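Everything on this sheet refers to the single structure shown next.
The values are calculated or read from the model by the stated rules, or taken from the named source; none is laboratory data. What you are looking at is a predicted structure, and each value in this text was computed from that prediction instead of being measured. Neighbour counts are summed over all protein chains in view; Cβ atoms, including those assigned to glycine, are modelled from backbone coordinates with ideal geometry. For the accessible areas, the whole protein counts, side chains as well, though only heavy atoms, and no ligand, DNA or RNA atoms are used. Shrake-Rupley method; radii C 1.70, N 1.55, O 1.52, S 1.80 Å.
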Amino acid sequence: MPDSPPPGRWRDVAAATGLLAADGSVAQTIFAEMTVLANRAGAINLGQGFPDVDGPDAVRQAAKDAIDAGRNQYAPGDGLPELRAAVADHQRRHYGLEVDPATQVLVTTGATEALAASILALTGPGDEVVTLEPFYDSHAASIAMAGATHVPVPLTTDGFRLDADALRAAVTPRTRMIVVNTPHNPTGTVLEPAELEQVAAVARDADAIVLTDEVYEHLTYDGAAHVPLATLPGMAGRTLTVSSAGKTFSLTGWKVGWLHGPADLVTAVRTVKQFLTYSSGPPFQAAIAGALADDEAPRALAASLAARRDLLCEGLTAAGFDITVPQGTYFVVADATPLLDRAGVAAGPGAGHELCLRLPDLAGVVAVPVSAFCRSGSAAAEATAAHLRFTFVKREPVLRDAVDRLAGLARAAR
Ligand code: PMP
Ligand code: GLN
């Protein structure tokens with residue numbers, strides 16, 4: 001084997017997601033790293049966001065029935081017609097969006113593939129792709145795979161809201177795409193109509209495509225309403241809307257995702273997507289087509305998640321973290337600055353990661369550092385250097401146990 005690393009864009013991907021170490025070694029995603037750590041240490045895993053209760057019995061039974069009914073060969077590249085129709089119906093019912101299932105909907109292998117195929121199809125070297133920062137890691141990875149230039153725009157440090165001036169200032173004649181994520185991972189921010197209108201105005205002025213990641217669309221709290229960007233005036237014609245069944249139905253491993261948008265953009269994305277996976281999982285697609293007609297299960301999940309959010313937020317506050325209460329998603333961001341000394345962690349750029357590595361020993365709990373969602377050295381990375389993301393998509397007794405364990409941090413701190 002040659003000593004030099006193999007060529008190709010994989011190093012750009014690693015660098016763009018903070019996984020390339022100074023010595024040239026490459027780590028796995030922060031979610032994988034922290035899940036391995038949790039399993040090894042026997043700690044409660046509040047790092048990677050996945051539920052510890054599987055989605056509805058009827059939906060799981062429908063997938064088994066589809067297997068038994070012989071739906072086991074390739075699905076059409078666009079996705080099963082009944083799922084495309086169910087996505088269109090869902091968008092009409094919830095948001096009043098009119099989408100043609102035949103030409104404007106594409107089923108994908110999770111939202112991850114929808115995002116990657118969109119960015120690969122529509123951007124390339126010389127193009128700038130704007131995201132908010134912190135950003136979900138796969139957004140940065142896909143931009144790097146496309147060879148485009150990532151331009152992250154920090155959310156405000158106080159409350160993680162859109163900074164419209166910063167967004168406008170980030171746009172140049174080379175801006176090809178603006179990637180938005182609401183409800184937002186990791187911060188839990190749900191962009192308000194006024195903020196969405198500011199994004200829309202910038203996109204229209206720049207004549208940019210908007211790619212909007214709405215996988216947590218049904219997981220909002222305290223009356224915060226999710227508003228798809230595509231519903232804003234003049235936006236349907238330039239917006240690709242991405243979602244997935246993983247979060248809505250607590251079936252993250254099924255990787256059933258989709259996107260919709262104007263037919264010309266969907267054609268472009270389909271062109272790439274058909275050579276990534278072509279298609280996947282017809283029994284899962286069939287089951288989700290049925291599930292999407294059910295509005296009650298997601299509503300019940302959101303209500304129960306709101307209570308679990310409150311439990312974890314109270315526990316983190318009692319343990320000495322300074323939290324930002326999320327209005328959506330699976331996650332709460334907690335500033336650990338007041339605890340660093342007691343934890344024996346020096347303040348600075350690596351503080352959050354270092355604390356996450358120590359947290360299993362200190363408290364028997366695993367989280368992920370918010371720095372993993374930022375470009376290394378950026379203003380957002382600096383502002384969130386000591387911030388951790390905890391998930392509350394766990395059963396209440398598990399969260400109670402985690403909160404009890406974290407309380408030890410406060411005691412140790414005194
Ligand atoms: N976008 C965001 C913001 C996410 O948090 C996730 C994580 N699940 C995804 C996309 C990926 O979704 P999927 O599992 O459907 O690929
Ligand atoms: N979306 C999940 C999270 O934010 C992680 C998914 C993954 O591991 N790629 O925790």
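Going by the conditions given, is Q73 part of a loop (DSSP other than H, G, I, E, B), surrounded by fewer than 13 Cβ atoms within 10 Å (Cβ to Cβ) and away from ligand 1 (no atom under 16 Å from the Cβ)?
yes
Condition check: surrounded by 19 or more Cβ atoms within 10 Å (Cβ to Cβ) and either in contact (Cβ under 8 Å) with a residue 40 or more places away in the chain or under 30 Å from T156 (Cβ atoms) (or both). Does L311 satisfy that?
For L311, the condition - surrounded by 19 or more Cβ atoms within 10 Å (Cβ to Cβ) and either in contact (Cβ under 8 Å) with a residue 40 or more places away in the chain or under 30 Å from T156 (Cβ atoms) (or both) - is not met.
Please enumerate the residues belonging to segment 273-291 that are in contact (Cβ under 8 Å) with a residue 12 or more places away in the chain and open to solvent by 40 Å² or more (accessible area, probe 1.4 Å).
Hits for segment 273-291 are Q274, L276, T277, Y278, F284, G290.
Can you tell me how many residues in segment 255-267 are open to solvent by 50 Å² or more (accessible area, probe 1.4 Å) and either assigned to a helix (DSSP H, G or I) or modelled with pLDDT under 95 (or both)?
Within segment 255-267, residues that are open to solvent by 50 Å² or more (accessible area, probe 1.4 Å) and either assigned to a helix (DSSP H, G or I) or modelled with pLDDT under 95 (or both) number 2.
Where the second residue is in a strand (DSSP E or B) and of a type in the set (D, E, K, R) and the first is within 16 Å of ligand 1 (Cβ to nearest atom) and lies in segment 328-342, which pairs have Cβ atoms under 6 Å and are six or more apart or on separate chains?
F331/R389; V333/R389
What tally of residues in segment 113-145 results from selecting those that are hydroxyl-bearing (S, T, Y), farther than 16 Å from L276 by Cβ and either in contact (Cβ under 8 Å) with a residue 60 or more places away in the chain or outside any strand (DSSP E or B) (or both)?
The qualifying residues number 1.
Could you run through segment 146-157 and say how many residues are out of contact with any strand residue (DSSP E or B) (no Cβ under 7 Å at 6 or more places or on another chain) and either open to solvent by less than 10 Å² (accessible area, probe 1.4 Å) or not in a loop (DSSP other than H, G, I, E, B) (or both)?
Of the residues in that region, 1 qualify.
Those residues that are in contact (Cβ under 8 Å) with a residue 60 or more places away in the chain, under 17 Å from the mean Cα position of the chain (by Cα) and not in a loop (DSSP other than H, G, I, E, B), I need them from segment 14-34; list them, please.
A16, I30, F31, M34, listed by residue number.
So which residues in segment 15-31 are surrounded by fewer than 13 Cβ atoms within 10 Å (Cβ to Cβ) and closer than 19 Å to G352 by Cα, if there are any at all?
Across segment 15-31, the qualifying residues are A21, A22, Q28.
For segment 120-145: of the residues being open to solvent by 30 Å² or more (accessible area, probe 1.4 Å) and within 16 Å of ligand 2 (Cβ to nearest atom), which is nearest to V332 (Cα to Cα)?
Per the stated criteria, the residue is Y136.
Looking at (1) away from ligand 2 (no atom under 16 Å from the Cβ); (2) more than 17 Å from T189 (Cβ to Cβ), which is the only condition C356 fails?
Every listed condition holds for C356 apart from (1).
Please find, within segment 234-249, the residue that is most open to solvent (accessible area, probe 1.4 Å) out of those that are within 13 Å of ligand 2 (Cβ to nearest atom) and outside any strand (DSSP E or B).
The selected residue is K247.
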